[in-house]
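See structure below.
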Number of protein chains: 2
Amino acid sequence: MAAGNDTSGPSPDQRLSIGEVAQRAGRRASSIRYYESIGVLPQPERIAGQRRYGPDVLRQLAVIDAAQRGGLSLEQIRDLFTASRTGTPVGDQLRALAERQLPELDALIARAETSRHWLRAASTCQCLTLDDCPLVAPDVPWHCS
Amino acid sequence: MAAGNDTSGPSPDQRLSIGEVAQRAGRRASSIRYYESIGVLPQPERIAGQRRYGPDVLRQLAVIDAAQRGGLSLEQIRDLFTASRTGTPVGDQLRALAERQLPELDALIARAETSRHWLRAASTCQCLTLDDCPLVAPDVPWHCS
DNA sequence: GTCCACCCTCGAGGCGACTTGAAGTCAAGG
DNA sequence: CCTTGACTTCAAGTCGCCTCGAGGGTGGAC
């Protein structure tokens, strides 16, 4: 048992091990290393070869979560961070990203809603074979029974 | 040019080559072979080693499309076809599938709508750095500028 | 006979976001 | 000293859904 590596309870200082970060952020340590490897997270300070993070990293991970939920790829998120670090106004980047993503996202939602419609119809289906079933017929309004 | 293999114009008989099927279904021949390889499509008759399809296959492909749009995986679709062929009422299968898929789909749509919200807010963002930006703050209602 | 379009099989590759495994390092507790 | 447990690196594997390429075959038109 190593005190400095303990994943439970707060460390004496603010420096977090990767295990602590992972636990608090609800991710695996491997994904944090992965983010670092592709440049989404910056390389943290190291003590005896081991990563030590300030509390900032939790916010950065939350940003990543938020942006992923916004449909951005890790590559886009990396660019966002890079821009932020180099002083490019983040707003401009975000606007550009949003303009690219929104139509895609709208299309995704539209498809998903069509799917939901289909599945709802499917859940009332009484058909015996696929051949009879209007659900799977092209260009036929869906309703079954 | 080979008459029997011609992809343009209808064949003299109803038997379609894989190329014709692909063209009419708007898919690549490779995906049709793939469906066959994983059991989603049955093995068609062969003439001189080449697949010949009846017109039914177009409907089957349309079913696959519809079911994929409904969020079913190819494995689930295969099971559906299998059930249909073996006489299990398709309705039961579909209901079971729908019950499994609908909550997932609802969650997907909810996430996507949250994302859309986020992106819409992002498109009006004026922030200079990520650190200031309320968009990326956890648990803060999104609005920017 | 030659050419060409189309077909065949089989294995590999590619996407995105990770996860897993092997082999090794480090610091503290007993 | 030895064990323990978290950490390290790097390569490879996973998932679903295909796509592509190599190498070879078939059959009709000229």
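Summing +1 for each Lys or Arg and -1 for each Asp or Glu among the other residues whose beta-carbon sits under 11 angstrom from that of B:Asp65 gives +3. For segment A:20-73, the Kirkwood radius over C-alpha pairs fed into Stokes-Einstein at 25 °C and 0.890 mPa s yields D = 212 µm² per second.
Per-residue shielding of A:68-81, expressed as the average number of other chain Cβ atoms within 10 Å of the residue Cβ, stands at 3. In this simple spin-label model, placing a label point 7 Å from the Cα along the Cα-to-Cβ direction at both B:Gln14 and A:Thr124 gives a separation of 3.4 nm. Each copy carries B:Arg111; placing its label point 7 Å along the C-beta direction from Cα gives inter-copy distances of 1.5 nm, listed from smallest up.
In debye to the nearest 20, how big a dipole does the protein assembly as shown give about its Cα centre with +1 on each Lys and Arg Cβ and -1 on each Asp and Glu Cβ?
On the way: 34 positive and 34 negative charges, 97 e Å.
My answer is approximately 460 debye.
Take B:Ile47, push a point 7 Å out from Cα through the beta-carbon direction, and compare it with the same point in every other copy: 7.8 nm, smallest first. Of A:Pro134, A:Pro89, A:Pro55, the residue with the greatest mean-square motion in the GNM of chain A, using alpha carbon springs below 10 Å, is A:Pro134.
The same position B:Arg27 in the other copies lies at 3.7 nm from this copy, comparing label points 7 Å beyond Cα toward the beta-carbon, shortest first. Over chain A, the fraction of Cα-Cα pairs per 5 Å bin, rounded to whole percents and listed from the shortest bin up, is 2, 8, 13, 14, 10, 9, 8, 7, 7, 8, 5, 4, 3, 1.
For the options A:Arg27, A:Arg111, A:Arg78, a Gaussian network treatment of chain A with springs between C-alpha atoms closer than 10 Å singles out A:Arg111 as fluctuating the most.
Take the alpha-carbon positions of the protein assembly as shown, form their convex hull, and give its projected area averaged over all directions (one quarter of the hull surface) in nm².
On the way: hull surface 91.9 nm².
In nm², the orientation-averaged hull projection of the protein assembly as shown is 23.0.
Once you average over the residues of A:106-112, how many Cβ atoms of partner chains fall within 10 Å of each Cβ?
On the way: counts 3, 0, 5, 6, 1, 4, 10.
Other-chain Cβ atoms within 10 Å of each residue's Cβ, averaged: 4.
Taking the Cβ of A:Ser30 as the center, what net charge do the other residues with Cβ under 13 Å away carry, scoring Lys and Arg +1 and Asp and Glu -1?
Result for the local shell: +3.
Let me know the charge dipole size of segment B:63-145 about its Cα centre in debye, to the nearest 20, where only the beta-carbon of Lys, Arg (+1) and Asp, Glu (-1) is charged.
On the way: 8 positive and 11 negative charges, 67 e Å.
The dipole magnitude comes to about 320 debye.
Every number here is computed from the coordinates shown, using simple stated rules; none is lab data. A quick note: this is a predicted structure, and the numbers were derived from the prediction, not measured. Cβ coordinates were reconstructed from backbone atoms using ideal geometry, including for glycine residues, and neighbour counts include every protein chain displayed.
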